[in-house]
Amino acid sequence: VHLVESGGGLVQPGTSLTLACAASGSPFRIGAMGWYRQGPGKQRELVATIARGAGSENYADSVKDRITISRENNRNTLFLQMNSLKPEDTAVYYCHAVVRDGTEYWGQGTQVIVSS
């Protein structure tokens, strides 16, 4: 399984941004997926996760009112819609996937900078 994130960039506070993660290799093996982030000088933290089926999303308390995770299994793509971005959302955002045997995969990350 190979994961490639896209959509990061420099944005102003209060704006929106959508990240995407394209899965390839053996995407049919993927179960749960998620987004993590690592801000400057901080540890990597969970942002949101989603099961393969519908209606199984989980969010970190710090973002749950502003962020939506979704996936399109037929396109093997994971999304993260972020609204009302704050400077503290500045981080490298990583895509994460778990396949059926428990093996975990990570993308290379996409940088999001929220600054005026």
| task | Take the Cα atoms of the stretch 72-113, find their three principal axes, and give me the spread along each one in whole Å, biggest first. | result | 37, 20, 13
| task | Pull up all non-local amide H partners of Gly31: gap of 5 or more, or a different chain, and H-to-H distance under 5 Å with H placed in the peptide plane. | result | Val98, Val99, Arg100
| query | Any idea what Rg and Dmax come out to for the stretch 1-89 if you just take the C-alpha atoms, in Å? | reply | 13.2, 37
| task | Mind giving me the FRET efficiency for Glu104 and Arg66? R0 is 35 Å, r the Cβ-Cβ distance, nearest 0.05 is fine. | result | 0.85
| query | Using the alpha-carbon centroid of each, what span in Å lies between the stretch 46-104 and the stretch 1-30? | reply | 9 Å
| Lys/Arg +1, Asp/Glu -1 at C-beta; the stretch 1-103 dipole; positive extreme among Gly14, Tyr94, Asn73 | Asn73
| note | Simple spin-label estimate for Ser56/Ile113, 7 Å along Cα→Cβ, in nm, reads 3.8 nm
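For the chain, what is the relative contact order in percent, using Cα pairs closer than 8 Å and at least 6 residues apart in sequence? Don't jump to the answer; show the numbers that get you there.
Values: 282 pairs, mean separation 43.4, N = 116.
Here the relative contact order equals 37 percent.
Bear in mind these aren't lab numbers, they're just calculated from the coordinates by the rules spelled out. All of these numbers come straight from a predicted model, not from anything done at the bench. For neighbour counting, all protein chains shown are included, and Cβ atoms are generated from backbone atoms with ideal geometry for every residue, glycine included.
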